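The values are calculated or read from the model by the stated rules, or taken from the named source; none is laboratory data. Values in this document were obtained by computation on a predicted structure and should not be read as measured data. Don't worry about glycine lacking a Cβ; one is built from the backbone with ideal geometry, like all the others, and counts go over all protein chains shown.
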Amino acid sequence: MRYLSTRATSTDTTERKRFCEILLEGLAPDGGLYLPEHYPQIDAATLTRWRGLSYADLAFEILSLYIDDIPPTDLKAICAKTYTEAVFGTQEIVPLRKLEDGLYLEALSNGPTLAFKDLAMQLLGNLFEYELARRGEELNILGATSGDTGSAAEYAMRGKKGVRVFMISPNGRMSPFQQAQMFSLQDENIHNIAIDGVFDDCQDIVKAVSNDLDFKRQYKIGTVNSINWARLMAQVVYYFSGYFQATKSNTEKVSFSVPSGNFGNVCAGHVARSMGLPIDKLVVATNENDVLDEFFRTGVYRVRSSADTHETSSPSMDISKASNFERFVFDLLGRDGAKTKALFYDQLASQGSFDLSADAAFKSAAQRYGFVSGKSTHADRLATIRDTWQRFGSMIDTHTADGVKVAREQIQAGVPMIVLETALPIKFAATIEEALGRSPDRPARFEGIEALPKRVRLLPADVAVIKRYIADHVQ
């Protein structure tokens, strides 16, 4: 399997790379995102064979289709080490629970930081450690977080040999619990940087540093955001697992509702569907920052400024520049790298938007790729959290509430709708208390976390300043 950039031309075969090369690289040198040259196709016989596998074994089978430069015995051991009951709390890893007829929650939030990011980040940490040891090298990870990526990355990388983490977050924009999870870590290889701005400013800095190829190579910069293909690839696994739990035969279809900001989580669903998993709809559920909902309704992709990015009660989705969206548009446009580059590099930079409404590819997108969308507001979140608790005795977090609200608008008789539960309620306690008049349950290991000493550096949203900070701390 080889990988190409979303901005590669059809005649350019010089930049095709193997998995372990892109694992440590992040963005492609041309600023694009890596994708496999093709999506492996899964037939009914393979689905049948996979149906009874443990999560670790299922992960190995799927990852093996994309990774051929790690010996199978080593890859199998990495999967077995990653997906354990000790780490994720349950033998199923991502257990499915029924809310009501036709509507299910897939629990992706049982990992060390109580968010779905753990499922990919724990694997990424083990892959990084394995490959760096094999090469005898070090890696300085630069990441941006709106809340959950940061803590998941830091908990996965803390103490890992040859790895340092520099995580940029928007100052004051995460919940107190999310901040405490990150900033209370005292490990020497973990560096928290808070900037004045929003998540998109953090993400822009990561991309700017990654696009400075001399700096990137000198300081061995890698990424853990979902611009890293390895992380998105790991997320594909739980779509297959959810499907197997919700169905009895491979003739059935399911739909998934996915709380979406940066488009990484639902992009993994797009990959699973492209591989042949029988997915009917991929429901993109946004909050008030509805850039993605606007695109799927109108064909217009219009990024917002920092000032126009709303601060909401589902803060991990307070994003107006969806990094992974370029991967889907590349596929939508028939993998035309030149056209993709013109849209994301030239047109977005100069105009702040692009319009595909008249493009035949967009007009057939819903039918070809299954995408539909909707948005949710603070009032919707409160009502959904309250209703889910009162009727089913199930407490859900704010982002999952967005997913449930939009899912209900898209349910079809006879097609199970699986909502991806993206975090546990304790991470957003203030809104849960507003909705229910009570505090969410808190795992014992996180008691008093907000009162722990914090290790964080406040810096301006300036690429040069961030570069200097990294250079000063890798010696």
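The rows are residues; the columns are (1) surrounded by fewer than 17 Cβ atoms within 10 Å (Cβ to Cβ); (2) in contact (Cβ under 8 Å) with a residue 60 or more places away in the chain.
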position	(1), (2)
ASP68	yes, yes
PRO71	yes, no
CYS79	no, no
ILE93	no, yes
LEU99	no, yes
LEU119	no, yes
PHE128	no, yes
LEU142	no, yes
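Among all residues of the range 291-304, there is at least one that is of a type outside the set (Gly, Ala, Ser), surrounded by fewer than 22 Cβ atoms within 10 Å (Cβ to Cβ), in a helix (DSSP H, G or I) and out of contact with any strand residue (DSSP E or B) (no Cβ under 7 Å at 6 or more places or on another chain).
Please determine whether any residue of the range 34-57 is within 21 Å of ASP214 (Cα to Cα), of a type outside the set (Asp, Glu) and modelled with pLDDT of 95 or more. Give the derivation first.
First, the residues of the range 34-57 that are within 21 Å of ASP214 (Cα to Cα): 34.
If we keep only those that are of a type outside the set (Asp, Glu) as well, we get 34.
Applying the additional criterion that residues be modelled with pLDDT of 95 or more yields 34.
Taking every residue of the range 34-57 in turn, at least one turns out to be within 21 Å of ASP214 (Cα to Cα), of a type outside the set (Asp, Glu) and modelled with pLDDT of 95 or more.
Kindly check whether there is at least one residue in the range 104-116 that is over 24 Å from ASN262 (Cα atoms) and part of a loop (DSSP other than H, G, I, E, B). No, that holds for no residue. Among the residues of the range 266-282, not a single one is polar (S, T, N, Q), outside any helix (DSSP H, G or I) and closer than 24 Å to LEU105 by Cα.
Pairs only if they're at least six apart or on different chains, beta carbon under 7 angstrom, first in the range 282-303 and among the aromatic types (Phe, Trp, Tyr), second surrounded by fewer than 21 Cβ atoms within 10 Å (Cβ to Cβ) and in a helix (DSSP H, G or I); list them, first residue then second. Short answer, once both residue conditions are applied: none. Scan the range 254-296 for residues that are of a type in the set (S, T, N, Q), touching a helix residue (DSSP H, G or I) at 6+ places or on another chain (Cβ under 6 Å) and closer than 16 Å to MET417 by Cβ and the total you get is 2. With respect to the conditions (1) in a helix (DSSP H, G or I); (2) over 17 Å from GLU288 (Cα atoms); (3) touching a Leu at 6+ places or on another chain (Cβ under 8 Å), ILE396 falls short on a single one, namely (1). Just one of the listed residues (ASN211, ASN225) is polar (S, T, N, Q), at pLDDT below 95 and surrounded by fewer than 23 Cβ atoms within 10 Å (Cβ to Cβ), and it is ASN211.
Count of the range 438-458 residues, restricted to those that are under 30 Å from PRO95 (Cα atoms) and assigned to a helix (DSSP H, G or I), is 5. Scan the range 347-361 for residues that are under 14 Å from GLU326 (Cβ atoms), part of a helix (DSSP H, G or I) and among the hydrophobic types (A, V, I, L, M, F, W, C) and the total you get is 2.
Looking only at residues in the range 234-251 that are among the small types (Gly, Ala, Ser) and not in a loop (DSSP other than H, G, I, E, B), the one that is surrounded by the most Cβ atoms within 10 Å (Cβ to Cβ) is GLY242. Scan the range 352-382 for residues that are without any contact (Cβ under 8 Å) to a residue 12 or more places away in the chain and of a type in the set (A, V, I, L, M, F, W, C) and the total you get is 2. Summed over the range 306-346, residues that are in a helix (DSSP H, G or I), under 28 Å from ILE432 (Cβ atoms) and acidic (Asp, Glu) total 1. For the range 222-244, filtering for residues that are over 16 Å from THR422 (Cα atoms) and in contact with a Phe, Trp or Tyr (Cβ under 8 Å, 6 or more places away or on another chain) leaves 6. What are the residues in the range 54-81 that are assigned to a helix (DSSP H, G or I), among the hydroxyl-bearing types (Ser, Thr, Tyr) and within 23 Å of the chain's Cα centre (by Cα), if any? Those that are assigned to a helix (DSSP H, G or I), among the hydroxyl-bearing types (Ser, Thr, Tyr) and within 23 Å of the chain's Cα centre (by Cα): TYR55, SER64. Residues that are loosely packed, with under 15 Cβ neighbours inside 10 Å and of a type in the set (Val, Ile, Thr) within the range 460-473 comprise just one, VAL465. Restricting ALA430, ALA471, ALA435, ALA461 to those that are touching a strand residue (DSSP E or B) at 6+ places or on another chain (Cβ under 6 Å) and either closer than 21 Å to ILE168 by Cβ or not in a loop (DSSP other than H, G, I, E, B) (or both) reduces the list to ALA461. Does ARG457 satisfy being basic (Lys, Arg), surrounded by 12 or more Cβ atoms within 10 Å (Cβ to Cβ) and modelled with pLDDT of 95 or more? Yes; evaluated as a whole, the condition is true for this residue.
Just for the range 392-404: of the residues that are surrounded by fewer than 24 Cβ atoms within 10 Å (Cβ to Cβ) and touching a residue at least 40 places away in the same chain (Cβ under 8 Å), which one is farthest from the chain's Cα centre (by Cα)?
Step one: of the range 392-404, the residues surrounded by fewer than 24 Cβ atoms within 10 Å (Cβ to Cβ) are 392-395.
When the remaining residues are screened for being touching a residue at least 40 places away in the same chain (Cβ under 8 Å), the result is 392, 394-395.
Values: PHE392: 28, SER394: 24, MET395: 22 Å.
Once the filter is applied, the top-ranked residue is PHE392.
So that you can scan it fast, the table gives a plain yes or no per residue for (1) among the hydrophobic types (A, V, I, L, M, F, W, C); (2) in contact with a Phe, Trp or Tyr (Cβ under 9 Å, 6 or more places away or on another chain):
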{"residue": "ALA28", "(1), (2)": "yes, yes"}
{"residue": "GLN41", "(1), (2)": "no, no"}
{"residue": "ALA44", "(1), (2)": "yes, no"}
{"residue": "ARG51", "(1), (2)": "no, yes"}
{"residue": "SER64", "(1), (2)": "no, no"}
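Give all pairs with beta carbons closer than 9 Å in which a residue from the range 329-350 that is loosely packed, with under 15 Cβ neighbours inside 10 Å meets a residue that is among the polar types (S, T, N, Q); count only pairs at least 6 apart in sequence or on separate chains. Taking only residues 6 or more apart or on different chains, the pairs are ALA338/THR9; ALA338/SER10.
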